[in-house]
Every structure is written in C-alpha cells, then in structure tokens.
1. Helix-only estimate, please: 222 nm mean residue ellipticity of the chain, summing -39500 (n - 2.57) across DSSP H runs of length 4 or more and dividing by its residues, to the nearest 500.
2. Could you give the accessible area per residue of the chain, probe 1.4 Å, as a whole number in Å²?
3. Once Kirkwood radius over Cα pairs in Å is worked out from the coordinates, which option in (i) 14.1; (ii) 15.2; (iii) 13.2 does it equal?
4. Which listed residue (Val3, Ile44, Ile61) has the Cα farthest towards the positive end of the charge dipole for the chain, taking +1 on Lys and Arg C-beta and -1 on Asp and Glu C-beta about the Cα centre?
5. With springs only between Cα atoms under 10 Å apart, run a GNM on the chain and tell me which of Gln59, Gln32, Gln24 wobbles the most.
6. With a 1.4 Å probe and all protein chains in place, put Phe60, Phe15 in order of accessible area, largest first.
7. Mind listing which GluC sites (Glu not before Pro) in region 20-50 are in a DSSP loop and have 11 or fewer other Cβ atoms within 10 Å?
8. Work out the length of the dipole vector of region 7-63 about its Cα centre, built from +1 on the beta-carbon of each Lys and Arg and -1 on the beta-carbon of each Asp and Glu, and round it to the nearest 20 debye.
Amino acid sequence: SYVGINSVGLRRRGFSTEKIREIQDIYRILYQKNYNNTQAADIIEAEMEATSERDEILQFIKDSQRGIMKGYFKSN
C-alpha cells in the first residue's frame, strides 16, 4: 500500500524541494483523499499548476489499462 513518495531518491536525482512538495501534494490527492482515480485526476488537473511532473503523472493514470492500485484504507 502507499506510504509516501521516495523523497530521498528524488532529491538524489536532482529534484528541488519545491518539485518534491508538488509531487507529494499530487500523491496526497490520489492516495489519501476519498476520491476515485477519475475525480482525483480532475482535481489535480483543475487545481494544480501545469508542470511536466504533474502532466506525466496524469498521463500515466490516463494511459493505464487497468487503473492504479490504491492499496487499502485502515480505519481507526
């Protein structure tokens, strides 16, 4: 299940703190909010600035034949 992005790996590959934060925000909408994939993608596209990272993530979701794995939600 989703735990978080690999910020250390992104930093090692030269991503700025701002870009890492942007990717984290995208993944929070995808994995931590109670939206289905289509709703999450629509929100990300409408509310977040168009960047190559955002567009690549959205394109990956749209191109997926079987969707993306959300894991499970453990309630308290």
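The values are calculated or read from the model by the stated rules, or taken from the named source; none is laboratory data. Predicted model only: the values in this text are computed from it and were never measured. Note that each Cβ is placed from the backbone with ideal geometry, even for glycine, and that neighbours are counted across all protein chains shown. Accessible surface areas use protein heavy atoms only, side chains included; no ligands, DNA or RNA. Shrake-Rupley method; radii C 1.70, N 1.55, O 1.52, S 1.80 Å.
1. Working: 4 runs with 44 residues, N = 76.
Helices in the chain give a 222 nm mean residue ellipticity of -17500 deg cm²/dmol.
2. Roughly 79 Å² per residue, with all protein chains present.
3. From the options (i) 14.1; (ii) 15.2; (iii) 13.2, the structure gives (iii).
4. Val3
5. Taking springs between Cα atoms under 10 Å, the residue moving most is Gln59.
6. Phe60, Phe15
7. Counting only loop positions with at most 11 other Cβ atoms within 10 Å, the GluC sites (Glu not before Pro) in region 20-50 are Glu49.
8. Numbers: 9 positive and 11 negative charges, 83 e Å.
So the magnitude is around 400 debye.
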